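The values are calculated or read from the model by the stated rules, or taken from the named source; none is laboratory data. Since this is a predicted model, take the numbers as computed values, not measurements. Here the Cβ positions follow ideal geometry from the backbone for every residue, glycine too, while neighbour counts run over all protein chains shown. These accessible areas exclude ligands, DNA and RNA; they are computed on the full protein's heavy atoms, side chains included. Shrake-Rupley method; radii C 1.70, N 1.55, O 1.52, S 1.80 Å.
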Amino acid sequence: MSAKKTMLGAPIKRKEDIRFITGRGRYVDDFNPPNTVYMGVLRSPYAHAKINNIHFNKEKIKPLSILTGNNSPLKPLPVFINIPGMKPYSPQALASGKARYVGEPVAAIVVDSRSDVEDALEGIQLEYEPLEAVVDAETALQTGSPLLYDEWGTNLIVKRTASRGDVDRAFREAEATVKGRFKIGRQTAIPIENRAVIASFDPYSERLTIWCTSQQPHRTRDTVAEAFNLPLEKVRIIAPDVGGGFGVKFGVYPEYLLATYFTLLLKRPVKWVEDRREHLMSAIHGREQTHYFEMAAGRDGRITGFKDHVVADVGSPSIISMSPPAKTLQLITGCYKLENFKVDVDFVATNKAPFGPVRGNGRPEAILVVEHALDLVAQELKMDPVEVRMRNFVSPRDMPYDSGTGLRYDSGDFAAVLKKACELIDYNGLRKQQEAQHGKGRSIGIGAVCYVEDTGFGPSKTSGRPGYETAFIRVERTGAVNLYTGASPHGQGLETTLAQICAEELTIHPEDVNVVFGDTERVPYGIGTFGSRSAVVAGSAALLAARKAKEKMLAIASHVLDASPESMILGGGVFMSGGEGRSISFRDVAKAAYDAAGLPPRLEAGLQASSYFDPPALTFSCGAHVAVVEVDSETGNVKVLKYVVVDDCGKVLNPVVVHGQIEGGVAKGIGGALLEQLKYDENDQLLTSTLMDYLIASSMDVPELEIDRLETPSESNPLGVKGVGEGGTIGAVAAVVSAVQDALRPFGGGVDQVPLTPEVVWRLLWKQTG
C-alpha cells in the first residue's frame, strides 16, 4: 500500500517548458543528417483540371530525381474513416489524370540545396486542361454540377441520418417554432510548426528512419511499411517535439510517402518542410457546413422537436475527411433531452483542400447550431435564454443517457456548470446593466451556452479500431524511472501529467520520472494523441504500469526487510514496515531488484512493467461558457469584454495544465467565431494563403478568462478523468455567437454565419436597420 498521496491535483509547473523557453526543444527542422537532399512539391494552380503532358525546362536547375502522378509507383493512401454506403475513393500521393483542388501535389523533385527547390520546380511544365470547378457544397448537389469523380455520377459521397421519436407530430402540435439557415465558414488549425518530414534509408542495415510532425507515430510507421512493402521492424518513426497538432497532423500526408520514395531511390536523407502558404492551401481544412434547422417548443420553453439538414463541404476527400461531419451528427443534440428529432447530414465533395479534424473535430459546429436554435426559441418566447436551457438539460438522474445519435453520456451535471458560470459572471447583474445601457449607443450582448463532448477515444470493441493506449515503465538500478508512452505530445503538457501520475503511485517527485514518447523503436506500440484521449487512456495505462512496478517493489522491500508484505507502506519514496520501524529507500529497492541472488523465490530480476489500457466506454466532458461582447454599430467590430468558463473534465490531475488547455481552446474558439476563414473565389482559388489574410486571435482579441470547475469523476477509467483538450474551443464558438446574437437583438435581427467579421456584422446591422 501507499501512504497519503499528494501529487495528483497539484498545480505543478510543466516540466517540459524549461526545454522550450530556453530554446532546447528539437523539432523536425532542427535535424540535418549528413548528405541531406531537399524535396520540393509542385502543386496544382487549378481547382479542377485534366493533367495532360509534362515537360522539363533544361535551362532550369536539373533535379536529382522527379516523380509525377503519371509515373508514380506509390500505393493510394489508406482511408481511416469509412462510412457504410459511401462512394469509394483512393487518395493518391500525386494527382494522376486530374487535379481536384488548388494545392494538390502533382509532381515532386529532389535537389542538393534548399535554395534550389523553387528554381527546380519552375522547370516543370505541366499542360493542364482547366475544368469547371465545384465551388461549394450546395452547388455541388445540383443537377448538372461538375463532378469530382465522373464514375460516381454525383458529388454526394454519403448521406447519414439520426432520428428519434415522432418529429412531424412534434412540429404539428408545437406552440412555437423557429427556423434558420446557418453557414459555418472553412477554417484550419494553424499550429506554430508547419508539417515537416525527413526520410533516411540506411542501405547497410536496410532500415528506414523518418522524422516527421505526427500525432500518431506508430500508425505512420504501419502506413509507410505497408506502402513500401517493408517489414515493420525495419521502419522507425520519430516524432520529436511537435509544435502543435490540433488534428492537422493526424495520419500520413502525401509528402511523407514522397520523401520515403526518394530516400529509398537515392539512398540519401530527404528533407521537406512546408511553408505557411503550402500549409494553408493543402493541409487539412475543417468546419465548413451549412445547417438548415428548425426547433419546436411549448410555451413553457420545453423543446418538443428539432430538425436539421446539414450540408458538409468535405473538399476533395482524403484519408479522414468523413470524420468531422460524422462527429457533428453524433453531438448535434448537445446537452439537451430531445425526445423528437431528425438530423440528415450530406457529405459533399468539392474542389477544395481535403477535410479533416480541426480542434474539436465537428463538435463546435454541432454545439453552435443547437445553442443558436435555443437562443431563437428564447427570443420567440420572450424568455431568458438561460432559463430555456435549464428546462431542457439532460439531468444527472438520466445518466447514463442515450443521445439517440450513437453516443451514451456517462455522467455530468449540465445545469450545475451553467448555474455556477452564471454566478461567477453575475449574469443577473449583467442583464440589468444591459437593460440600463439600452438606447445609449452601446450594444452589449451576453451569451451563455453549454457543451458536451465525447473524449478518451476507444474502446476497441465498439469503435472497430484499436482504442487502447500503451505504457511501459522501467525503474533503473539507480532508482531513475523511465516511462515509455504510446501517446504523442504536441504541446498539451502531457510529459508533466504522465510524470505526475507515475510519481503519485511511486511516491516520488515528478522530476524523477523521465517520459519517453514519439519513437517507435523505443516505444513498442501506441495509438497516438487525438480526440482528447491522452489523460484518459494514456494516463490510465501509465497508472496501471506504475502500479504493477510498485507491487513488485513492495514484494522486494518486504523480503529485504524480512517483513510481511501486508505490513509494507510506501510513502515519500521510502518503503516502511508499518509498526516495526524498519525501512528501505526507493533507490535501494531498485538496486536490489537487479540482484537475482537476493530476490524472493519465483521473482525474476529486473524492474519493469507494462499496461495496455483499453477503456470500456467513452468519457463525456462538459462545461458552460458565458461571454460578454460589445458590438460597434458604426464599424461592426466585436470586442469580447468578459469571459467565464466552468469546466467538468472529471478529476483534475493538474490545474495548471487544465487551465492552459482551456485558455488555448477558448482563444481558438474566439478566433473561429470572429476572425478565421479560408476564403475561395468563384474559381475555387484560395484568397487567404498567408497569415496577413487568414486572421487568428491574438492577445488583443482574448480577454482575461475566469476559469472554474466542477468534478464529476468518470467511472470508466481508474483515474476518474475526462478529456479537456478541445472543450475550450467547442464552447467558445457558440458562446461568442450567442453573445453577438444577443447584442443585435434590439436591432430586430440576428446572426446567420461565422466568422462574424466586422464586415459581416456591419452588413447584418445595415440589413436589419435599413
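Starting from the coordinates of the alpha-carbon atoms of the range 427-506, obtain the Kirkwood hydrodynamic radius over all distinct pairs and give the value in Å to one decimal.
On the way: mean 1/r = 0.0554 Å⁻¹.
Hydrodynamic radius (Kirkwood, Cα pairs) of the range 427-506 is 18.1 Å.
Given a cut-off of under 8 Å on Cα pairs at least six residues apart, what relative contact order in percent is computed for the range 549-679?
Numbers: 123 pairs, mean separation 18.4, N = 131.
Taking the mean separation of contacting Cα pairs over the length of the range 549-679, I get 14 percent.
Less than 12 Å Cβ to Cβ from G245, Lys/Arg counted +1 and Asp/Glu -1: what total charge do the surrounding residues give?
My count for the surroundings of G245 gives 0.
Can you work out D for the range 295-421 in µm² s⁻¹ from Stokes-Einstein, where Rh is the Kirkwood radius over C-alpha pairs, the temperature is 4 °C and the viscosity is 1.567 mPa s?
Working: Rh = 15.7 Å.
My calculation gives 83 µm²/s for D.
Past 27 Å, Cα to Cα: identify those pairs from K327/K432; K668/K722; K15/K722; K249/K307; K440/K767; K159/K337, in the order given.
Values: K327/K432 38 Å; K668/K722 20 Å; K15/K722 22 Å; K249/K307 34 Å; K440/K767 21 Å; K159/K337 24 Å.
Beyond 27 Å between Cα atoms: K327/K432; K249/K307.
For K550, give me every one of the aspartates and glutamates with a C-alpha distance below 12 angstrom, ignoring sequence neighbours fewer than eight places off in its own chain.
Of all the aspartates and glutamates, those that pass the test against K550 - Cα under 12 Å, at least 8 places apart if same chain - are E504, E505.
Going toward the positive end of the dipole of the range 369-513, with +1 on Lys and Arg Cβ and -1 on Asp and Glu Cβ, which of G467, A415, A436 do you reach last?
Result: A436, furthest along the dipole toward the positive end.
Semi-axes of the range 490-576's equivalent ellipsoid from the Cα gyration tensor, sqrt of 5 times each eigenvalue, largest first, rounded to whole Å? It would help to have the intermediate numbers written out before the result.
On the way: eigenvalues 174, 34, 24 Å².
Working through the eigenvalues yields semi-axes of 29, 13, 11 Å.
Taking the convex hull of the alpha carbon atoms in the range 74-223, what volume per residue do you get, in Å³?
On the way: hull volume 34.9 nm³, N = 150.
Value for the range 74-223: 233 Å³ per residue.
Positive end of the dipole of the range 153-311, charges at C-beta (+1 Lys, Arg; -1 Asp, Glu), about the Cα centre: which of I157, M281, V310 has its Cα farthest in that direction?
It is V310, whose Cα lies furthest towards the positive end.
When Lys and Arg each count +1 and Asp and Glu each count -1, what net charge do the other residues less than 10 Å away from R363, Cβ to Cβ, add up to?
Charge balance near R363 sits at -2.
State the dimensionless ratio Rg/Rh of the chain (Rg: radius of gyration of Cα atoms; Rh: Kirkwood radius).
On the way: Rg = 27.6 Å, Rh = 27.7 Å.
Taking Rh as the inverse mean 1/r over Cα pairs, Rg/Rh reads 1.00.
Find the Cα radius of gyration of the range 517-618, compare it with 2.2 N^0.38 Å by division, and give the number to two decimals. List each step's numbers first, then the result.
Working: Rg = 16.7 Å, N = 102, 2.2 N^0.38 = 12.8 Å.
Cα Rg divided by the expected 2.2 N^0.38 Å: 1.31.
Apply the Karplus parameterisation 6.51 cos²θ - 1.76 cosθ + 1.60, with θ equal to phi minus 60°, to every residue of the range 373-385 and state each ³J(HN,Hα) to the nearest whole Hz, in sequence, with x for glycine and proline.
Per-residue couplings from phi come out as 4, 5, 4, 5, 4, 4, 5, 5, 8, 6, 10, 5, x Hz.
Largest first, please: the extent of the C-alpha atoms of the range 257-337 along each principal axis, to the nearest Å.
73, 22, 19
Under a 5 Å amide H to amide H cut-off, with H placed in plane at 1.01 Å, what residues pair with V721 once short-range neighbours are removed?
K651, S714
List, in order, the whole-Hz ³J(HN,Hα) value for each residue of the range 171-183 obtained from phi through the Karplus relation with A = 6.51, B = -1.76, C = 1.60 and θ = phi - 60°; use x for Gly and Pro.
6, 5, 9, 5, 8, 7, 9, 9, 8, x, 10, 10, 9
Using label points projected 7 Å from each Cα along Cα→Cβ, tell me how many nm separate N428 and Q608, to one decimal.
Placing both labels 7 Å beyond Cα along the Cβ direction yields 6.2 nm.
Putting +1 on Lys and Arg Cβ atoms and -1 on Asp and Glu Cβ atoms, find which of G456, V656, G301 reaches farthest to the positive end of the dipole of the chain.
About the Cα centre, the residue reaching furthest to the positive side is G456.
What does the C-alpha gyration tensor say about the overall shape of the range 419-559? Classify as rounded when a/c is under 1.5, otherwise prolate if a/b is larger than b/c, or oblate. Let's see the in-between values first.
Values: a/c = 3.28, a/b = 2.34, b/c = 1.41.
Here the range 419-559 falls in the prolate category.
Counting only protein heavy atoms and using a 1.4 Å probe, what share of the accessible area of the range 611-688 belongs to carbon plus sulfur, as a whole percent?
Values: 1200 of 2450 Å².
Here it works out to 49 percent.
Can you give the FRET efficiency for E175 and Q437, using 1/(1 + (r/R0)^6), R0 = 45 Å, r = Cβ-Cβ distance, to the nearest 0.05?
On the way: r = 32 Å, r/R0 = 0.72.
That pair, E175 with Q437, gives E of 0.90.
Points 7 angstrom from Cα along the Cβ direction at R477 and T143: gap in nanometres?
It works out to 8.2 nm between the two label points.
Answer rounded, prolate or oblate for the range 357-401, using the Cα gyration tensor with square roots of eigenvalues a ≥ b ≥ c: rounded when a/c is under 1.5, else prolate when a/b is larger than b/c, else oblate.
Values: a/c = 3.74, a/b = 1.23, b/c = 3.04.
Taking the square roots of the gyration eigenvalues as a ≥ b ≥ c, the range 357-401 is oblate.
How are the alpha carbon pair distances in the range 17-88 distributed across 5 Å bins from zero to the largest one, expressed in percent?
3, 8, 11, 13, 14, 15, 11, 11, 9, 5, 1
So, with +1 on the Cβ of K and R and -1 on the Cβ of D and E, and no other charges, what is the size of the charge dipole of the chain about its Cα centre, to the nearest 20 debye?
Working: 84 positive and 94 negative charges, 179 e Å.
It comes to approximately 860 debye.
What does the net charge come to around K62 if you take all other residues with beta carbon closer than 13 Å to its beta carbon, with K and R at +1 and D and E at -1? Before the final figure, lay out the partial values.
On the way: positive: K58, K60; negative: E59, D112, D116, D119, E122.
Here the charged neighbours net out to -3.
Evaluate the distance, in nm, between pseudo-label points positioned 7 Å from the Cα of L232 and of D632 along their respective Cα→Cβ axes.
Modelled inter-label distance: 5.8 nm.
In whole Hz, what ³J(HN,Hα) sequence does the range 530-536 give by Karplus (6.51, -1.76, 1.60; θ = phi - 60°), x for Gly and Pro?
Per-residue couplings from phi come out as 5, x, 6, 10, 5, 5, 5 Hz.
What's the whole-number percent of alpha carbon pairs in the range 540-680 lying beyond 17 angstrom? The partial results should precede the final answer.
Details: 7307 of 9870 pairs.
Of all Cα-Cα distances in the range 540-680, 74 percent exceed 17 Å.
Pull out a ≥ b ≥ c, the square roots of the eigenvalues of the alpha-carbon gyration tensor of the range 503-545, then state rounded if a/c is under 1.5, prolate if not and a/b is larger than b/c, and oblate in the remaining case. Walk me through the numbers before you get to the answer.
Numbers: a/c = 2.18, a/b = 1.37, b/c = 1.59.
Here the range 503-545 falls in the oblate category.
What is the pair-distance distribution P(r) of the range 595-634, computed from all Cα-Cα distances in 10 Å bins starting at 0, with each bin given as a whole percent?
16, 18, 14, 15, 13, 10, 7, 6, 1
Treating only the Cβ of Lys, Arg, Asp and Glu as charged (+1, +1, -1, -1), what charge dipole size does the range 1-150 show about its Cα centre? Round to the nearest 20 debye.
Working: 18 positive and 17 negative charges, 244 e Å.
Result for the range 1-150 is approximately 1180 debye, rounded to the nearest 20.
Taking the Cα centroid of the range 365-411 and of the range 619-671, what is the distance between the two, rounded to the nearest whole Å?
Computed from Cα coordinates, the inter-centre distance equals 19 Å.
Quote the charge dipole size of the range 680-770 about the Cα centre in Debye, to the nearest 20; the model charges only the Cβ of Lys and Arg (+1) and of Asp and Glu (-1). Before the final figure, lay out each step's value.
Working: 5 positive and 14 negative charges, 61 e Å.
I would put it at about 300 debye.
Excluding ligands, DNA and RNA, what is the solvent-accessible area per residue of the chain at a probe of 1.4 Å, expressed in Å²?
Details: 29620 Å² over 770 residues.
The answer is 38 Å² per residue.
Calculate the length of the line joining the C-alpha centroid of the range 26-56 to that of the range 66-112, in whole Å.
One Cα centre to the other: 13 Å.
If you keep only loop residues by DSSP, which chymotrypsin sites (Phe, Trp or Tyr not before Pro) in the range 582-663 have at most 14 other Cβ atoms within 10 Å of their Cβ?
On the way: sites: F586, Y594, Y612, F613, F620, Y643; in loops: Y594.
Answer by residue number: Y594.
Rg over Rh of the range 1-126, using C-alpha atoms and the Kirkwood radius, what does it come to?
Numbers: Rg = 23.0 Å, Rh = 18.8 Å.
Reported Rg/Rh, Kirkwood definition of Rh: 1.22.
For the range 169-283, compute the orientation-averaged projected area of the C-alpha convex hull (one quarter of its surface), in nm². Could you put the intermediate results ahead of the total?
Working: hull surface 46.1 nm².
If I average the Cα hull's projected area over directions, I get 11.5 nm².
Under 17 Å between alpha carbons, and skipping anything fewer than 8 positions from K60 in its own chain: which aspartates and glutamates qualify?
Partners found: D112, D116, E118, D119, E122.
Helix-derived [θ] at 222 nm for the chain: sum -39500 (n - 2.57) over DSSP H runs of at least 4, divide by residue count, nearest 500? Before the final figure, lay out each step's value.
Numbers: 19 runs with 207 residues, N = 770.
Taking each H run of at least 4 residues, the total per residue is -8000 deg cm²/dmol.
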